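Take a look at the structure below.
Here, each number is a calculation from the coordinates, and none is a lab measurement. Model, not experiment: these values are computed from the prediction. Ideal geometry is used to build each Cβ from the backbone, glycine not excepted, and the neighbour counts take in all protein chains shown.
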Amino acid sequence: MSRRVDFARRGPYHSGSQERRTTNDRFKEDGLDVEEKERPIKVDILTVGLMQTACYVVADKETDGLLVIDPGGDAEMILESVSMTGCEPAVIVNTHGHGDHIAANGALKKAYPDAPLCIHRADADMLTDPEKNLSALFDMPVTSPPADRLLAEGDEMSVGENTLSVIHLPGHTPGGIGLYWPGTDVVAGMLFCGDTLFAGGVGRTDFPGGDEKALMACIRGKLFTLPDDTFVLPGHGPATTIGREKQTNPFFTSG
Ligand SMILES: [Zn+2]
Ligand SMILES: [Zn+2]
């Protein structure tokens, strides 16, 4: 089974292969109703690299907490977005080890050597091996610095006062993860899920280390048990919600 992702999607701020949107713009464009100003964490969505990977710059509004998820290319744009927050990244995290999610790790680590680079232990060796991270396939070998911290299910990461927890999501790669922020009394949670679940699709499992059964099981068992109003921010393409995917994603509604 394979999924289709619209890599050609273009937003209003598109220029070249890069675009930058706030979650407000993105959620509105994707037909989701949300007020950014009520949410204590602010998310910059950057579309980077040839694969149009979604890089998320997540900042706490009150404190200096900052987290960069999947710096997958276009390092200058990511560094600019980080510097616009006025904070230094506390953590750099990869949702999995594919080249299109790690290509700017080196530039981020060079600019912010104290920020630990984190990835699930099962994908850690992909960072330094262009064959394993598939970038060699595209003739653009990517080598990242090695991980500073290896992640496992249940680990926690803080962005200022807010805590995101690590959900192990094997299937697209053995060490895929989601980062889940549960929200507040008045604001829905958010899930950064890499290439595991997409709006209307699921991650490919035909690459080395892929496992379709594991992928479907972790989406059903770990993601679809999160609250329906949780915003889902995938590794490519539009944002969605858990409830919307449960109701309309063809991989779960048919057959
Ligand atoms: Zn991937
Ligand atoms: Zn990807």
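Summary of values
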read-out	value
Electrostatic dipole magnitude of segment 130-255 [Cβ: Lys, Arg +1; Asp, Glu -1; Cα centre; debye, to 20]	300
Filter on Lys28/Lys246; Lys61/Lys222; Lys28/Lys61; Lys42/Lys222; Lys110/Lys246 - keep pairs with C-alpha separation over 32 Å	Lys110/Lys246
Fewest-first sequence of Thr240, Thr95, Thr253 by Cβ atoms within 10 Å of each Cβ	Thr253, Thr240, Thr95
Segment 107-255: C-alpha gyration tensor shape, a/c 1.5 cut-off, then a/b vs b/c	oblate
Beta bridges by DSSP in segment 19-253, antiparallel share as percent, to the nearest 5	75
Protection proxy ranking of 118-124, 159-165 - average other beta-carbon atoms within 10 Å, highest first	118-124, 159-165
Rh by Kirkwood over Cα pairs, then Stokes-Einstein D for the chain at 1.002 mPa s and 20 °C, µm²/s	120
Structure-based [θ]222 nm, the chain - -39500 (n - 2.57) summed over DSSP H runs of at least 4, per residue, nearest 500	-4500 deg cm²/dmol
Debye intensity ratio I(q)/I(0), log10, segment 129-216, q values 0.16, 0.18 Å⁻¹ (C-alpha model)	-0.79, -0.95
Phi to ³J(HN,Hα) by Karplus 6.51 cos²θ - 1.76 cosθ + 1.60 over segment 86-99, Hz, x for Gly, Pro	x, 10, 9, x, 7, 8, 10, 10, 10, 5, 6, x, 5, x
J(HN,Hα) series, segment 188-202, from Karplus relation 6.51 cos²θ - 1.76 cosθ + 1.60, nearest Hz, glycine and proline x	5, x, 9, 10, 9, 10, x, 9, 8, 10, 10, 4, x, x, 10
Nonlocal amide H pairs with Phe198, under 5 Å, H built at 1.01 Å	Gly203
Dimensions in Å of segment 42-85 - Rg and Dmax from alpha carbons	10.2, 34
